[in-house]
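Some notes on the structure that comes next.
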Amino acid sequence: MREIVLDTETTGFDPESGDRIVEIGAVELQGHMPTGRTYHQYINPQRAMPEDAFAVHGLGDDFLRDKPLFRDVGQAFLDFIGDATLVIHNAAFDMKFLNAELGWINAPQIPFDRAIDTLAIARKKFPGSPASLDALCRRFGIDNSSRTLHGALLDSEILAEVYLELIGGRQPGFGLVNEGPRTQSDGDEWRPRPRPEPLAPRLTEDEAAAHAAFVAKLGDAAMW
């Protein structure tokens with residue numbers, strides 16, 4: 001099963017008010033394990049960044065000015081995610097922005113039911129407890145010391161670790177998933193073989209002697 005752990009950084013909170021995506025980061029999982037494939041892209045939002053954006057993202061107008069527009073990278077992003085399930089913390093926020101950007105370039109929308117919301121999972125699993133990414137890192141003992149700024153790729157990598165913990169650790173299936181019948185090449189049929197060394201007897205000498213005496217009393221006419 002292929003999954004994409006995804007994060008975006010934006011100029012604000014509402015694309016309908018003109019806010020745009022400025023960064024996308026994504027990490028590929030296969031069978032709940034990272035494959036090493038990632039996607040990372042800075043994007044020119046075509047609008048001035050808020051005054052506090054640099055403190056949050058470390059991204060400013062000068063840095064983003066020469067970055068591509070979303071219309072120039074949107075297809076590459078869609079190609080990377082393919083038809084995989086998306087794993088997002090507070091999925092409604094990122095999906096809202098992604099579909100707004102895709103809509104503006106007349107690209108296919110991403111159905112909301114393709115997204116797994118780790119925020120919702122955390123709130124259900126730990127009701128009443130903080131469920132931010134930093135709080136979940138503390139809960140699971142995940143090192144997020146490099147997260148001094150909000151960066152989409154770094155946050156995706158950290159979220160991938162958090163997601164694996166939320167669904168049961170790095171072996172969520174405990175190896176019990178039925179992967180179908182095993183195949184064997186012709187002439188390589190498995191057969192049981194004798195033990196190279198016989199098991200040591202567990203009968204004591206007294207028990208063996210008592211058994212032999214009992215069998216002797218049965219005589220030659222015993223059926224067994």
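Please pick out the residue among ASP94, ASP155, ASP188 that is part of a helix (DSSP H, G or I), at pLDDT below 95 and out of contact with any Phe, Trp or Tyr (no Cβ under 9 Å at 6 or more places or on another chain).
ASP155 is the lone residue from the list that is part of a helix (DSSP H, G or I), at pLDDT below 95 and out of contact with any Phe, Trp or Tyr (no Cβ under 9 Å at 6 or more places or on another chain).
Name the one entry in ASP79, ASP72, ASP62, ASP66 that is without any contact (Cβ under 8 Å) to a residue 40 or more places away in the chain and part of a loop (DSSP other than H, G, I, E, B). Let's see the steps before the verdict.
Details: ASP79 fails: part of a loop (DSSP other than H, G, I, E, B); ASP72 fails: part of a loop (DSSP other than H, G, I, E, B); ASP62 fails: part of a loop (DSSP other than H, G, I, E, B).
Answer to the selection: ASP66.
Among the candidates ILE21, ILE88, which residue alone is farther than 22 Å from ILE121 by Cβ and of a type in the set (Val, Ile, Thr)?
ILE21 is the lone residue from the list that is farther than 22 Å from ILE121 by Cβ and of a type in the set (Val, Ile, Thr).
When only residues in region 69-108 that are within 21 Å of the chain's Cα centre (by Cα) and not hydrophobic (A, V, I, L, M, F, W, C) count, which is surrounded by the fewest Cβ atoms within 10 Å (Cβ to Cβ)? Lay out the reasoning, then the answer.
We begin by selecting, within region 69-108, every residue within 21 Å of the chain's Cα centre (by Cα); these are 77-95, 98.
Add one more test, that the residue is not hydrophobic (A, V, I, L, M, F, W, C), and what stays is 79, 82-83, 85, 89-90, 94.
Values: ASP79: 9, GLY82: 9, ASP83: 6, THR85: 15, HIS89: 26, ASN90: 15, ASP94: 23.
Looking at the filtered set, the residue picked out is ASP83.
Out of curiosity, is LEU218 closer than 23 Å to GLU28 by Cα, modelled with pLDDT of 70 or more and surrounded by 10 or more Cβ atoms within 10 Å (Cβ to Cβ)?
No: the conditions fail for LEU218.
Considering (1) touching a helix residue (DSSP H, G or I) at 6+ places or on another chain (Cβ under 9 Å); (2) under 27 Å from GLY31 (Cβ atoms), say which one PHE70 fails and leave the rest.
(2)
Taking the conditions exactly as written (of a type in the set (A, V, I, L, M), assigned to a strand (DSSP E or B) and either at pLDDT 95 or above or within 26 Å of TYR163 (Cβ to Cβ) (or both)), does VAL56 satisfy them or not?
For VAL56, the condition - of a type in the set (A, V, I, L, M), assigned to a strand (DSSP E or B) and either at pLDDT 95 or above or within 26 Å of TYR163 (Cβ to Cβ) (or both) - is not met.
So ASP7 fits all but one of (1) acidic (Asp, Glu); (2) closer than 15 Å to GLY151 by Cβ; (3) not in a strand (DSSP E or B); what number is the exception?
Condition (3) is where ASP7 drops out.
The values are calculated or read from the model by the stated rules, or taken from the named source; none is laboratory data. All values reported here derive from a predicted model rather than from experimental measurement. Counting neighbours? That spans all protein chains shown, and the Cβs are built from the backbone with ideal geometry, glycine included.
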